[in-house]
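Shown next, in structure tokens, is the structure this report addresses.
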Amino acid sequence: MVPFGFSSGLPNPMVGSTLTAWLATEGVDKTTIGLFALVSLPYNLKFLWAPLMDRFQLPFLTRRRGWIFVTQWLLFAAVGALGFSSPTDAPNMVAVAALIVAFISASQDIVSDAYRTDVLPAQERASGTAVFVAGYRFAMIIAGAGALILSDHVSWTTVYLLLGGMIALSSIATLLAPKPALQAKPPASWQEAVVVPVKEFFSRRGSVRWTLSMLTIVGLYKVGDAIAGHMLIPFMLDVGFSRTEVGAILKGLGLATTIGGALLGGVLVARWGLRRTLISFGILQAVANILYASLALVGKDYALMTVAIGVDNLCGGLGTAAFVAFLMTLCNQRFTAFQYALLSSLSSVAGRFLGAGGGWMVEQWDWPLFFIITILAAVPAIVLLFIADIPEEQPDPDAEPELVEA
């Protein structure tokens, strides 16, 4: 899981923060730099072509590993092309190359998520995901802060070629990775790849009401975290901390505690079960925001800031381990790529739209009440977790869909 997470995490900064840093150092104007945010759209739209990766199997390796191997080498080529582009002479070419990198990277994420879901047994889903997240976060440091430091000594072309080479090296792990214990039959037609996965999902337990409750939990479980996270850096700067202080603690302590929380969460999910950990960690990750509300009232306080960031990221890591295990449990192995891509996209929609209104909330009610609102935003999902029937096992890929209630 570590090299798969590493390979998935590397391209993200290359079309995000690292790319914007490159553009800025080359003197590209801020308006153009802002527009480059659009090249990351494939990460939000990946469910549109996920059925293709369920439907077709390449003539080597297995259904998932074959696609992963191909996307890793395509990324190596695309990242190299991006590195040889010139932001000053041909910014449009840079944008096209970055968009291609984002598209292939999102495609790799589709099959990596599907492979992880297929290969990990139920008791290892949370811990396997935690290790995947550790590799992903480490890669983001390499392709983020590491790339910026390296760019002071070598050209940006060299930086991108080195990062692309790391993705290519990750393909060795793809060749050595084990096959899933259960080899589900791929969809035989486009209707079976697109329509049947949705129909199958809504037919479970013979109840649309149950399915809608699962989708509501998926959409709202992380919403409070998303709203608060979107405004966290402006909050810290508003309180009086410098950008260096915020960056050092968020990137250093935040990264370490997120990985630690995810690893601990993986262990606890295996011991306590999915429902108990989803409820416990959901409450913890919401209530952790009370520390930010306290910091808003107290003012600039390094000790409280450190505790708030540490606790928030620890609880966020715990919640992520349980939540991703929950998403994996909801996927049928015949349609893992499509169903997981849809569910993961749904999980970010509410937070993205509500987070966009975070600044307005702060202007209306100020920081303490804003963070209280983010805590309350988690209540609907937690209430549903108490009353809904949370599955502990994936559905049988060979079972016929149940009749749906009128």
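The values are calculated or read from the model by the stated rules, or taken from the named source; none is laboratory data. Since the structure is predicted, the reported quantities are computational estimates derived from the model, not experimental observations. Cβ coordinates were reconstructed from backbone atoms using ideal geometry, including for glycine residues, and neighbour counts include every protein chain displayed.
Against the definition (among the aromatic types (Phe, Trp, Tyr) and more than 19 Å from the chain's Cα centre (by Cα)), how does Phe281 come out, yes or no? So Phe281 fails the test. Taking the criterion of being basic (Lys, Arg) and part of a helix (DSSP H, G or I), the residues of the range 181-204 that qualify are Lys199, Arg204. Does Thr31 meet the test of being hydroxyl-bearing (Ser, Thr, Tyr), over 26 Å from Gly165 (Cβ atoms) and either outside any loop (DSSP other than H, G, I, E, B) or assigned by TED's automatic domain parsing to the domain that holds Phe132 (or both)? Yes: the conditions hold for Thr31. Only helices (runs of 4 or more DSSP H) whose full extent lies in the range 279-362 are considered here, and the ones with at least 3 residues that are at pLDDT 90 or above and under 27 Å from Met214 (Cα atoms) are 302-329.
Residues that are crowded, with 16+ Cβ neighbours inside 10 Å, modelled with pLDDT of 80 or more and over 16 Å from the mean Cα position of the chain (by Cα) within the range 225-245 comprise Ala228, Phe235, Met236, Val239, Phe241, listed in sequence order.
Quick check on the range 106-129. Is at least one of its residues out of contact with any strand residue (DSSP E or B) (no Cβ under 6 Å at 6 or more places or on another chain), farther than 28 Å from Ala341 by Cβ and in contact (Cβ under 8 Å) with a residue 12 or more places away in the chain? No: the range 106-129 contains no residue that is out of contact with any strand residue (DSSP E or B) (no Cβ under 6 Å at 6 or more places or on another chain), farther than 28 Å from Ala341 by Cβ and in contact (Cβ under 8 Å) with a residue 12 or more places away in the chain. Residues of the range 200-218 that are out of contact with any Asp or Glu (no Cβ under 9 Å at 6 or more places or on another chain) and hydroxyl-bearing (Ser, Thr, Tyr): Thr211, Thr216.
Restricting the range 268-278 to residues that are part of a helix (DSSP H, G or I) and more than 20 Å from the chain's Cα centre (by Cα) leaves a set whose member that is modelled with the lowest pLDDT is Ala270. For Gly164, only one of the following conditions fails: (1) more than 26 Å from Leu19 (Cβ to Cβ); (2) assigned by TED's automatic domain parsing to the domain that holds Ala97. What is its number? All conditions are met except number (1). If we scan the range 34-47, do we find a residue that is among the small types (Gly, Ala, Ser), at pLDDT 80 or above and under 20 Å from the mean Cα position of the chain (by Cα)? Checked against the condition, which is being among the small types (Gly, Ala, Ser), at pLDDT 80 or above and under 20 Å from the mean Cα position of the chain (by Cα), the range 34-47 yields no hits at all.
Checking the stated criteria, Trp49 turns out to be out of contact with any helix residue (DSSP H, G or I) (no Cβ under 6 Å at 6 or more places or on another chain) and not basic (Lys, Arg).
For the range 171-187, the criterion of being surrounded by 19 or more Cβ atoms within 10 Å (Cβ to Cβ), in contact (Cβ under 8 Å) with a residue 60 or more places away in the chain and touching an Asp or Glu at 6+ places or on another chain (Cβ under 9 Å) is met by at least one residue. Among the conditions (1) of a type outside the set (Lys, Arg); (2) assigned to a helix (DSSP H, G or I); (3) assigned by TED's automatic domain parsing to the domain that holds Pro51, the only one that Pro178 does not satisfy is (2).
A quick yes/no check of all residues on (1) more than 25 Å from Pro187 (Cβ to Cβ); (2) out of contact with any Lys or Arg (no Cβ under 7 Å at 6 or more places or on another chain); (3) surrounded by 23 or more Cβ atoms within 10 Å (Cβ to Cβ):
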| site | (1), (2), (3) |
| --- | --- |
| Ala322 | yes, yes, yes |
| Ala325 | no, no, yes |
| Thr336 | no, yes, yes |
| Tyr340 | no, yes, yes |
| Gly357 | yes, yes, no |
| Phe370 | yes, yes, yes |
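Taking the range 2-42 as the range and being under 12 Å from Ala98 (Cβ atoms) and of a type in the set (Phe, Trp, Tyr) as the test, the residues that pass are Trp22, Phe36. Listed conditions (1) within 20 Å of the chain's Cα centre (by Cα); (2) over 30 Å from Asp118 (Cα atoms) are all met by Leu255, apart from (2). For the range 5-23, the condition of being in contact (Cβ under 8 Å) with a residue 24 or more places away in the chain, over 28 Å from Ser171 (Cβ atoms) and in a helix (DSSP H, G or I) holds for at least one residue.
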